[in-house]
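Peer 1: Supplied in structure tokens, the structure appears directly below.
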Amino acid sequence: MQPVTIIATVLNEVKEIARLVPSLLAQDPAPAEVIIVDGGSTDGTWDWLLQAQRENPTLLAIRDESCNLKRSSGPISKGRNVAIAAARSQIIACTDAGCTYPPDWLARITAPLLDSTVEYALGGSCIDPADPTVWDLASSTFFGVKLSPSVPSKSCTARSMAFRKELWKRIGGFPETVFFGEDTLFDLEARRLTAPAFVEDAKAIYRPQYNFVTAFNQLASYSVSDGILGVRRARLVRNAARCVVQVLTLLCLFLLKLPSVKSSEDWWWATMPFLTVLLLQFWYAFHPDWRYLYRKGPRVLISRFFFSILVPWIVAIYHIQGMRTKRNLPNRQNQ
């Protein structure tokens, strides 16, 4: 078997590092090396990595304080590029803090690269079933995150991604000029050069631990980044159209003066646009994962429906903001 290097970049992830690294070291078969680039943590993450490195010769910890938003406009990309440049293997498996990985993840995500001429493979991510918050479940589908590890995914997230080092070189590495959306840009260029393999059952187990505010802010940040990068314009158009439809539907109800409608037939025709949009809204909110979501109880279902109503407004408003200002929203790495 060809050697494989697993890489990740971290900054102040002391709560997550003790979950991430052991899951990477426990892969079967084992990676040739696990390289973690720390962007200058001050919360104990680096100390934890140094101790783990002393106990595990497979682990290589690199501290590079330029991989920080205070010193680089694309710190996550820079950290990944530093790790890949240091890797001895020609096959790279990309992971992310906030995730854990089943013991067979590495074998699955790299199988297409080892068995054929494939240069690029994607596995996607799913919500950690052990401890999800209500808003993890409610917002998951709008971030391209699945609720089950067995559901097919074509997500381009770098939480679960493998590629040949030569492809990374031809692309020019992860783009170090952007903070969010770096994996999207890498994916777009990779797909221009080669066809990706979409690997089933190779998902990162993601644990975002969202509340409503953090889920809202994360979607807003991603949408601003899309506007800055000029990508996913079709998504902007779709969501802007949904905003217009919602407004027109409510406007129709107001103009028709619904309380003054007397007959049941007139009431039916007066409310038909609203009911149609409401049914479409239910479909939009629940069709991707209803079979998993309905078991989670009414609080999760109500939260999903509420968040789905907000999604087109968040996407449209913040995408346009990114197009106009060309500036990312404030991030904790600025602090």
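FYI, it's all coordinate maths here, none of it is from the lab. Computed from a prediction, not measured in an experiment: that's the story for all the values here. Cβ sites come from the backbone with ideal geometry, for glycine too, and all protein chains shown count toward neighbours.
Peer 1: Could you pull out the pairs from 165/326; 146/296; 78/154; 146/326; 70/169 whose alpha carbons sit more than 20 Å apart here?
Peer 2: Where the Cα-Cα span goes over 20 Å, the pairs concerned are 165/326; 78/154; 146/326; 70/169.
Peer 1: Assuming 0.36 nm per residue, please report the length gained on full extension of the stretch residue 154 to residue 211 beyond their Cα-Cα distance.
Peer 2: Result for the pair: 17.9 nm of gain on full extension.
Peer 1: Net charge near residue 127: determine it from the other residues with C-beta under 13 Å of the C-beta of residue 127, scoring Lys and Arg +1 and Asp and Glu -1.
Peer 2: Local charge sum for residue 127: +2.
Peer 1: Based on other C-beta atoms within 10 Å, arrange 183, 28 from fewest to most.
Peer 2: 28, 183
Peer 1: Given the -39500 (n - 2.57) contribution per DSSP H run of 4+ residues, what per-residue ellipticity at 222 nm results for the chain, rounded to the nearest 500 deg cm²/dmol?
Peer 2: Computed ellipticity for the chain at 222 nm equals -16000 deg cm²/dmol.
Peer 1: At a Förster distance of 35 Å, what's the computed FRET efficiency of residue 198 paired with residue 254, Cβ-Cβ distance as r, to 0.05?
Peer 2: 0.15
Peer 1: For region 123-184 and region 277-294, compute the distance between their C-alpha centroids and round to whole Å.
Peer 2: Between the Cα centre of region 123-184 and that of region 277-294, the gap is 22 Å.
Peer 1: Follow-up. Ranked by Cβ crowding within 10 angstrom, fewest neighbours first, how are 99, 156, 243 ordered?
Peer 2: Arranged by neighbour count, lowest to highest, 99, 156, 243 become 243, 156, 99.
Peer 1: Let me ask something else. Restricting things to Cα coordinates, could you compute the convex hull volume per residue of region 4-210 in Å³?
Peer 2: With only Cα atoms used, region 4-210 gives 111 Å³ per residue.
Peer 1: Further question: Could you tell me which of 197, 184, 173 has its Cα farthest along the dipole of region 149-216 towards the positive end, charges placed at Cβ (Lys, Arg +1; Asp, Glu -1), taken about the Cα centre?
Peer 2: After comparing all options, I get 197.
Peer 1: Name the trypsin sites (Lys or Arg not before Pro) in region 56-89 that are in a loop by DSSP and that have at most 14 other C-beta atoms within 10 Å, would you?
Peer 2: Listed in order of number, the matching sites are 70, 71, 88.
Peer 1: While we're here: Please turn the phi angles of region 132-138 into ³J(HN,Hα) values with the Karplus equation 6.51 cos²θ - 1.76 cosθ + 1.60 (θ = phi - 60°), one per residue in order, whole Hz, x for glycine and proline.
Peer 2: x, 7, 4, 7, 4, 6, 5
Peer 1: Once you list every other residue whose beta carbon is under 14 Å from the beta carbon of residue 313, what net charge do they have if Lys and Arg are +1 and Asp and Glu are -1?
Peer 2: The answer is +3.
Peer 1: Let me ask something else about it. Considering only DSSP beta bridges where both residues belong to the chain, give the percentage that are antiparallel (nearest 5).
Peer 2: If I count the DSSP bridges inside the chain, around 30 percent turn out antiparallel.
Peer 1: Hey, in the GNM for the chain with a 10 angstrom Cα cutoff, which one of 135, 105, 283 fluctuates hardest?
Peer 2: Looking only at 135, 105, 283, the biggest GNM fluctuation is shown by 283.
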